[in-house]
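Worksheet for the structure shown next.
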Amino acid sequence: MRFCRVVPLFVLIGFSVPTEAKLNAPQVLAACSAFAPDGSFVTATASTDTLSLSAKNSVGKETALTAPLRYRANQWQLDRPAIRWHLYDCSLFFDHSGDLVAVGITRQYPIPKTLQVAVADLKNSKWLSDFGVEQSHEPNGSVELAGFLEDTASIVITEAWHTNQSESVSTVLFDKNGKQVSPEPLVHSWQEILLPFHPDAANDRLWVFHCTMVSARLSKQPSCPITVTDLVKATKVSTTFDPSHYENKRTALWMTPRTFGSPDPSSILVAESISGDDTVWYVDTQKQQLDRFVLPRHHFLKYDAMHDGILSPDGKVFAFLLSQEKIAFPYLVDYYVYKGDDVVVLQVKPLRLLGVVPHSGAEYTRGLSVDHRNGKATVLVYRRDHWENRQFNDLPQP
């Protein structure tokens, strides 16, 4: 496979830790990171009993904060490496000004799921709030931090659940001090099951993919139109995009996309593996435009291996994880072994591959974020118990 020239730069954030001390260090359960438009960045990790936040602004000022982990794992879970990295999710968001940051730690097990939200004032190097939200529609669904609402300091929390007849997602607003400001959750519901949907708090949008799978081969599946509406206001659907109007071949379109990014209120990027093609689409609902890009590698694995999409603050670079699987002994169909996640880095307009950070045998990859400035895309990711940094030149190679 040929890629654009890569400028490698691995950076270990923090101090070198002796091997013996590493063995006694608290186990990291989740990690996340984010860049601000001015180049500041924040990393967060949840360990056995502590939430740790580390920030560095554009002029080099560093901030380090810790708080107790509100919802802890039990020792039985911690002692099992195969499940430890599946217990918690971590998400991190800057506000519009870049002075506030919100970190969300979701504990997936046991049910009901729980979410810890901590808000930090980076300008004054202090926590503003630390509060918990518990899943109310058990046993299915999710509860997540969606980020800051547009250019405000209001924080959006979403909860999703489904029944035998419908799919629903609710939104509720909190202020930076942890006080709920919306009297009741706003609920969006659809008479369809297991819809992929993506909240975009920064643009006050809720993107919904109306995908239906039938008992037929991929080429005969119905198209999967997109609707978009306001995330926190009770408005009707504002825009619909039907991809079948722009592509005659069904297998050239998404089926049930889980990888998502939104550069602005009217456009999105989605990614999915279809018939062995790892594909990214750029959709502009205002111009009713569809662009498609296929990564330069075809494989026989048919499922969706793409996840955790993230955009740079300027919306010009899109990065996501691409799981790597290898068929294992006795080399029978559908017997695959997970080998790790590659990081794929793309230019958005036009869609173009900038490079790939190989998994190199890492057993987990978390905390993906990406920045873009001065002709370079910078990827920050957590694996092998430390943060790694890789840079890519965004100029076309001869």
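The values are calculated or read from the model by the stated rules, or taken from the named source; none is laboratory data. Note that the structure is predicted; figures quoted are calculated from it, not measured. In this analysis, Cβ positions are derived from the backbone assuming ideal geometry, glycine residues included, and neighbour counts consider all displayed protein chains.
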Residue among VAL214, VAL156 that is in contact with a helix residue (DSSP H, G or I) (Cβ under 9 Å, 6 or more places away or on another chain), under 16 Å from PHE260 (Cβ atoms) and not basic (Lys, Arg): VAL156
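Quick grid of which residues meet (1) of a type in the set (Lys, Arg); (2) over 24 Å from THR171 (Cβ atoms):
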position	(1), (2)
GLN75	no, yes
SER91	no, no
ALA102	no, no
ILE111	no, no
VAL119	no, no
LYS123	yes, yes
Among the residues listed as SER129, SER136, the single one being out of contact with any Leu (no Cβ under 6 Å at 6 or more places or on another chain), of a type in the set (Ser, Thr, Tyr) and at pLDDT below 95: SER136
The one condition in (1) of a type outside the set (S, T, N, Q); (2) under 23 Å from the mean Cα position of the chain (by Cα); (3) farther than 22 Å from ALA146 by Cβ; (4) part of a loop (DSSP other than H, G, I, E, B) that GLU247 fails to fulfil: (2)
From SER223, SER262, residue being hydroxyl-bearing (Ser, Thr, Tyr), within 30 Å of SER182 (Cα to Cα) and either at pLDDT 95 or above or part of a loop (DSSP other than H, G, I, E, B) (or both): SER262
Selected residue (criterion: nearest to LYS126 (Cα to Cα)) from residues of segment 39-69 that are aliphatic (A, V, I, L, M) and not in a strand (DSSP E or B): LEU69
Residues satisfying the stated conditions in segment 71-102, i.e. loosely packed, with under 14 Cβ neighbours inside 10 Å and charged (D, E, K, R): ASP79, ARG80
GLU150 being within 21 Å of THR106 (Cβ to Cβ), surrounded by 14 or more Cβ atoms within 10 Å (Cβ to Cβ) and not polar (S, T, N, Q): no
Qualifying positions in segment 199-220 - over 18 Å from GLU272 (Cβ atoms), assigned to a strand (DSSP E or B) and without any contact (Cβ under 8 Å) to a residue 40 or more places away in the chain: LEU206
Any hit, segment 164-171, residues being at negative phi, part of a loop (DSSP other than H, G, I, E, B) and either at pLDDT 95 or above or in contact with an Asp or Glu (Cβ under 6 Å, 6 or more places away or on another chain) (or both): no
Extreme residue, nearest to TRP190 (Cα to Cα), among residues of segment 253-269 that are without any contact (Cβ under 8 Å) to a residue 60 or more places away in the chain and crowded, with 18+ Cβ neighbours inside 10 Å: MET255
Yes/no for VAL283 being surrounded by 15 or more Cβ atoms within 10 Å (Cβ to Cβ) and part of a loop (DSSP other than H, G, I, E, B): no
Selection status of ASP304, closer than 30 Å to SER97 by Cβ and either modelled with pLDDT of 95 or more or under 17 Å from the mean Cα position of the chain (by Cα) (or both): no
Where a residue in segment 133-155 is over 19 Å from ALA202 (Cβ atoms) and its partner, wherever it lies, is hydroxyl-bearing (Ser, Thr, Tyr) and in a strand (DSSP E or B), with Cβ under 6 Å and at least six apart: GLU134/THR114
Tally, over segment 226-244, of residues that are at pLDDT 90 or above, closer than 22 Å to ALA146 by Cα and part of a loop (DSSP other than H, G, I, E, B): 3
Options ALA120, ALA67, ALA102; residue that is within 21 Å of VAL370 (Cβ to Cβ) and hydrophobic (A, V, I, L, M, F, W, C): ALA102
